[in-house]
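Each value in this text was obtained by applying a stated rule to the coordinates, not by laboratory testing. This structure is a prediction, so every number in the text was calculated from the model and none was measured. FYI the Cβ positions are ideal-geometry reconstructions off the backbone, even for glycines, and counts take in every protein chain you see.
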Amino acid sequence: GSLHQSVMTLSNTGPFNEFLPFPVVPAETSLLNKLIRTSLVESSHAVEILQRDPSSPLYSIRTFEELPLKKELLQGIYMMGFNRPSKIQETALPMMLAYPPQNLIAQSQSGTGKTAAFVLAMLSRVNATEKYPQCLCLAPTYELALQIGCVIEAIGRFCADIKVTYAVRGNRVPQGTVLKEQIIIGTPGTMLDWCFKQKVVDLKKITLFVLDEADIMIDTQGLSSQSIRIQRALPKSCQMLLFSATFKSTVREFAEKIISNPIMIKLREDELTLSNIRQYYFVCRSREEKYEALCNIYGSITIGQAMIFCQTRRSADWLAVAMTQDGHQVAILTAELTVAHRANVIQRFRSGKEKVLIATNVCARGIDVQQVTIVVNFSLPTNQQGEPDFETYLHRIGRTGRFGKSGIAFSMVESRDVVLVEMIEEHFQTKIKQLDPGDMDEIE
Ligand code: ADP
């Protein structure tokens with residue numbers, strides 16, 4: 001819709017948090033993943049409940065109909081194409097919609113349905129006949145706030161009387177403005193301004209408070225203290241929901257500090273494995289020879305979709321230019337591109353308009369490329385000591401055991417780096433087979 005459009009265009013203003021002069025990379029990665037996501041991330045793990053008030057009954061649901069949702073919302077859910085709740089939604093939704101309202105801290109990796117869950121809670125809790133802010137939601141960046149708004153508009157499309165407004169930079173409200181929207185989404189700084197300086201929001205009337213992407217908030221200076229200031233001014237009876245993709249001790253401490261008596265739920269991530277991946281390497285004498293080897297396999301790799309990883313932006317640029325000059329169509333993803341541009345490149349790749357995507361480590365880190373079946377390491381990932389970066393290797397080519405498809409990985413190494421291949425084999429107890437650069441008959 002039009003809001004989604006504005007996420008894409010407005011992020012052209014730069015990947016900057018409103019208070020900080022440097023890029024907030026985790027927030028960008030999270031946004032990119034949200035923009036490119038075509039489906040729910042499945043997990044084979046059960047939801048763990050870490051803590052709960054023994055007096056509160058606990059149950060999980062299998063269908064959306066079992067929830068106390070109004071029919072407009074069920075319609076909205078079906079229009080979204082959601083047939084059944086995700087793992088985290090099965091457990092979180094009954095708790096979030098229960099009476100009396102319960103506080104909840106939920107952690108699951110991105111893409112598992114957290115946003116859809118709290119959007120449903122907000123749309124359920126508001127009293128549409130009352131025209132003042134009742135649900136307040138904080139997100140770490142402007143773009144992420146707008147993205148949540150898109151989900152509200154989509155799921156709430158049949159709730160004609162429910163309106164949303166955005167407390168984000170550039171959206172000015174003069175003092176004395178009377179806000180009629182029931183849901184306010186914003187970043188902590190602007191929200192603080194609206195509540196305490198402009199005084200256009202009466203925090204005492206908020207009945208549901210959502211804090212999204214808590215881990216990113218905590219890592220970004222200023223955001224957590226601003227969030228706490230807002231949260232402290234809420235009434236005791238206000239329901240508090242906190243979401244995070246990770247659950248480091250800092251996140252847990254923060255969550256426990258601001259949320260009293262919460263139920264905590266957690267979904268473990270599926271582990272990555274190399275067991276269903278065929279791994280090969282080529283020994284080359286120079287960058288040019290690596291390039292030749294790459295061109296030799298180009299025909300084979302473009303049967304599917306391939307990602308080629310380079311260690312530096314310069315080598316990524318060099319490779320993209322060389323391949324393009326040789327008539328191969330490639331797209332490139334580097335960190336100097338704006339978020340909007342990167343989202344666009346990834347979307348084109350996802351939709352199949354691009355077959356080959358060249359990326360640098362830094363840029364691709366954290367971006368969900370699980371659907372890619374062929375990965376080329378134009379150079380192996382290494383750390384500052386020149387040792388293999390095992391984690392990055394695994395993230396690039398590994399797949400989750402249960403849902404993962406098989407894949408192929410090629411690594412180009414110079415003779416002195418063959419030892420890196422051996423170290424990777426040793427580390428993962430896996431086999432990486434050597435191929436002759438001229439010989440592709442080996443792989444069927
Ligand atoms: P998170 O907030 O955990 O990152 P989202 O709520 O954004 O996850 O959901 C990830 C993707 O899955 C989105 O594209 C969303 O529309 C979709 N999705 C969410 N819940 C369901 C569901 N129950 N069934 C199918 N798709 C869903």
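Label 7 Å along Cα→Cβ of A233; the range 191-227 residues with amide nitrogen under 13 Å? So the set is 191-206, 226-227.
Bridging of K353 to lysines at a Cα separation below 22 Å is possible for K34, K405, once same-chain residues fewer than 8 apart are set aside. Packing order of peptides 305-316, 203-214, highest average first: 203-214, 305-316 (average count of other Cβ atoms within 10 Å over each peptide's residues). Using a Cα distance threshold of under 28 Å, what count of lysine pairs results for the range 152-254 when pairs must be 8 or more residues apart or interchain? Within the range 152-254, the lysine pair count is 17. Normalised by the number of residues in the chain, what is the relative contact order in percent for Cα pairs under 8 Å and 6+ residues apart? So the answer I get is 18 percent.
For an R0 of 56 angstrom, estimate the FRET efficiency from the Cβ-Cβ distance between E391 and D202 and round to the nearest 0.05.
Values: r = 47 Å, r/R0 = 0.85.
E(calc), rounded to 0.05, equals 0.75.
Entry note, the range 83-164: relative contact order of 27 percent, from Cα contacts under 8 Å with a spacing of 6+ residues.
The protection proxy used here, the mean number of other Cβ atoms lying within 10 Å of each residue, ranks peptides 406-419, 215-228 as follows, highest first: 215-228, 406-419.
Cβ under 11 Å from F349's Cβ, F349 left aside: what net charge do those residues give with Lys, Arg +1 and Asp, Glu -1?
Details: positive: R342, R348, R350, K353, K355; negative: E354.
Computed value for this residue: +4.
Nearest 0.05, what FRET efficiency do E256 and Y99 give at R0 = 22 Å with Cβ-Cβ as r? Intermediate results must be reported in sequence, preceding the final value.
Working: r = 24 Å, r/R0 = 1.09.
That pair, E256 with Y99, gives E of 0.35.
Relative to the globular-protein estimate of 2.2 N^0.38 Å, the Cα radius of gyration of the chain stands at 1.07. With 0.36 nm allotted per residue and the present C-alpha distance subtracted, the R278-T63 stretch has 73.5 nm of extension available. Assign one of three labels to the range 139-249, namely rounded, prolate or oblate, based on the Cα gyration tensor with a ≥ b ≥ c the square roots of its eigenvalues; rounded applies when a/c is under 1.5, prolate when it is not and a/b is larger than b/c, and oblate otherwise. Because its axes are fairly even, with a/c under 1.5, the range 139-249 counts as rounded. Calculated FRET efficiency, N296 to R416, Cβ-Cβ distance, R0 = 30 Å: about 0.85 to the nearest 0.05.
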